[in-house]
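The structure appears below as structure tokens.
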Amino acid sequence: MSTPSRDQQPGQPQQPFQPQAPQPRKKKSKGKTCAGVVCLGVVGILVIAGAIFAATGGKSSSGTAKSPAAAPSDAGNGSKASASQSAPQKEAPQTVTYVVTGTSGADVKYGPAGSLAQGKVPMSVTRPLENSQHYAITAQLQGGGHVTCQLKVNGRVISQSTASGGYTIASCEISKDTFSDKWTRF
């Protein structure tokens, strides 16, 4: 004899298995879903803003930022004075200067990465800095003498080299460090 199931009364025949109807799913709250999407969007915007801030080194794009409260008042001084203060000041363009001195006749090659110009000793050429991260200058003696090259950024010597003798080469290279945004000898 079989043991009665939990729902079966003793002495009654066993009922065949009847599947139960599935329980209805609980609907997710649309409010919770929307709030999650909004939070994710805000976090995404903050991450992008942080990346931009880190890439620019924390500098504002206008160069100087003044709050309106910190700006001196020009009340009564006319509109000319206030217009001159609101105009953004332009920064002086950055320059690279290639300098070679020494025995005349040495062959000189110079320029940013990917493009080399030619020159002769003595020379001093100043150009605006481009988007290049690397600049170089070489001066090769033709048979003897001495030669010195220099690479300057905004008038400051970053790299200098001297060569003497027959067919020797003075070479200067600089590159821009992407993290510190400073020019260094290569």
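The values are calculated or read from the model by the stated rules, or taken from the named source; none is laboratory data. Nothing here was measured: the structure is a model prediction, and the numbers come from that model. All Cβ positions, even for glycine, are placed from backbone atoms using ideal geometry, and neighbour counts span all protein chains on display. With ligands, DNA and RNA removed, areas are computed over all heavy atoms of the protein, side chains included. Shrake-Rupley method; radii C 1.70, N 1.55, O 1.52, S 1.80 Å.
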Exercise for review: Count, please, the residues in the range 130-160 that happen to be part of a loop (DSSP other than H, G, I, E, B), among the small types (Gly, Ala, Ser) and within 23 Å of Thr95 (Cα to Cα).
Suggested key: 2
Study note, to complete from the structure: Checked the range 117-129 for anything touching a residue at least 12 places away in the same chain (Cβ under 8 Å), over 18 Å from Val157 (Cα atoms) and surrounded by 13 or more Cβ atoms within 10 Å (Cβ to Cβ); matches are Gly119, Val121
**Study point:** Residue among Gly119, Gly105 that is assigned to a strand (DSSP E or B) and at pLDDT below 95
**Key:** Gly119
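Counting only residues that are within 20 Å of Asp181 (Cβ to Cβ) and either touching a strand residue (DSSP E or B) at 6+ places or on another chain (Cβ under 7 Å) or open to solvent by less than 90 Å² (accessible area, probe 1.4 Å) (or both), how many does the range 130-141 have? So that I can check it myself, show each step before the final result.
Within the range 130-141, the subset within 20 Å of Asp181 (Cβ to Cβ) is 130-136.
Cutting the leftovers down to either touching a strand residue (DSSP E or B) at 6+ places or on another chain (Cβ under 7 Å) or open to solvent by less than 90 Å² (accessible area, probe 1.4 Å) (or both) gives us 130, 132-136.
So the answer is 6.
Among the residues of the range 149-159, are any free of Cβ contacts under 8 Å to residues at least 40 places away in the same chain and under 13 Å from Gly102 (Cβ atoms)? Before the answer, list the steps.
Within the range 149-159, the first condition is being free of Cβ contacts under 8 Å to residues at least 40 places away in the same chain, and the residues that meet it are 156-159.
Filter once more, so that each one left must be under 13 Å from Gly102 (Cβ atoms): none.
Checked the range 149-159: no residue is free of Cβ contacts under 8 Å to residues at least 40 places away in the same chain and under 13 Å from Gly102 (Cβ atoms).
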Check your understanding: Going by the structure shown, is Val157 within 16 Å of Phe186 (Cβ to Cβ) and open to solvent by 60 Å² or more (accessible area, probe 1.4 Å)?
Key -> yes
Practice item. Specify which of the listed residues (Ala170, Ala163) is in contact with a Cys (Cβ under 6 Å, 6 or more places away or on another chain), outside any loop (DSSP other than H, G, I, E, B) and over 15 Å from Thr97 (Cα atoms). Key: Ala170
